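Worksheet for the structure shown next.
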Amino acid sequence: MNEHKRFKNWEYPCIEDGRPTKYHWIVQHKDRFELGLQTDIGAYSYINAKYGVTIEEYVQIGSHCSIYSISTIDDRKGKVHLRKNAKIGSHSTIMPGVTIGENSIIGAHSLVIKDIPDNVVAFGVPAKVIRKINE
């Protein structure tokens, strides 16, 4: 079965700066936000794209996730990049400057503070690579 069939009727969402989409997720600094086709972002997720956020096609993000390109706690800033077909579990947080690799899976409730390579499963606080996919 083609895993992308669920996106058959997908439509690009209307994104207004700081306002919930019809799917109940919010982007701040939408001019620095790039959204690929056929993505799925869960309700109540928050994306701060002040220093850039790119979400490639077929990415899935669970509900209540936070993606930050800037952190006022430790003054970190940097572009966040979620590569094609990445999957982010609900209630996870992605911090500034992080890239999540293609096809990689981040477990629910994870805190991602460093890059995650392609084709791995990672989770935890902080998130650590647990295994390669297909092991």
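Coordinate-derived values only; no laboratory data. For clarity, every value in this text was computed on a predicted model and none was experimentally measured. Cβ placement follows ideal geometry from the backbone for every residue including glycine, while neighbour counts extend to all protein chains displayed.
Answer with yes or no whether Tyr51 is aromatic (Phe, Trp, Tyr), surrounded by 19 or more Cβ atoms within 10 Å (Cβ to Cβ) and over 30 Å from Lys8 (Cβ atoms). Spell out how you get there, then give the answer.
Values: aromatic (Phe, Trp, Tyr): yes; surrounded by 19 or more Cβ atoms within 10 Å (Cβ to Cβ): no; over 30 Å from Lys8 (Cβ atoms): yes.
For Tyr51, the condition - aromatic (Phe, Trp, Tyr), surrounded by 19 or more Cβ atoms within 10 Å (Cβ to Cβ) and over 30 Å from Lys8 (Cβ atoms) - is not met.
Select the strands (runs of 3 or more DSSP E) contained entirely in the range 1-114, then report the ones holding at least 2 residues which are without any contact (Cβ under 8 Å) to a residue 60 or more places away in the chain and farther than 22 Å from Val125 by Cβ. Outline the logic, then answer.
Working: elements: 26-28, 33-35, 46-48, 53-55, 66-68, 80-82.
Strands (runs of 3 or more DSSP E) meeting the threshold: 26-28, 33-35, 53-55.
Got at least one residue in the range 112-123 being over 20 Å from Thr54 (Cα atoms) and of a type in the set (Lys, Arg)?
No, the range 112-123 contains no residue that is over 20 Å from Thr54 (Cα atoms) and of a type in the set (Lys, Arg).
Looking at His64, His29, which one is over 19 Å from Asn103 (Cα atoms), more than 12 Å from the chain's Cα centre (by Cα) and crowded, with 17+ Cβ neighbours inside 10 Å?
Details: His64 fails: more than 12 Å from the chain's Cα centre (by Cα).
After applying the criteria, what remains is His29.
Name the single residue, out of those in the range 104-135 being among the polar types (S, T, N, Q) and crowded, with 18+ Cβ neighbours inside 10 Å, that is farthest from Ile70 (Cα to Cα).
If we take residues in the range 104-135 being among the polar types (S, T, N, Q) and crowded, with 18+ Cβ neighbours inside 10 Å, then Ser104 is farthest from Ile70 (Cα to Cα).
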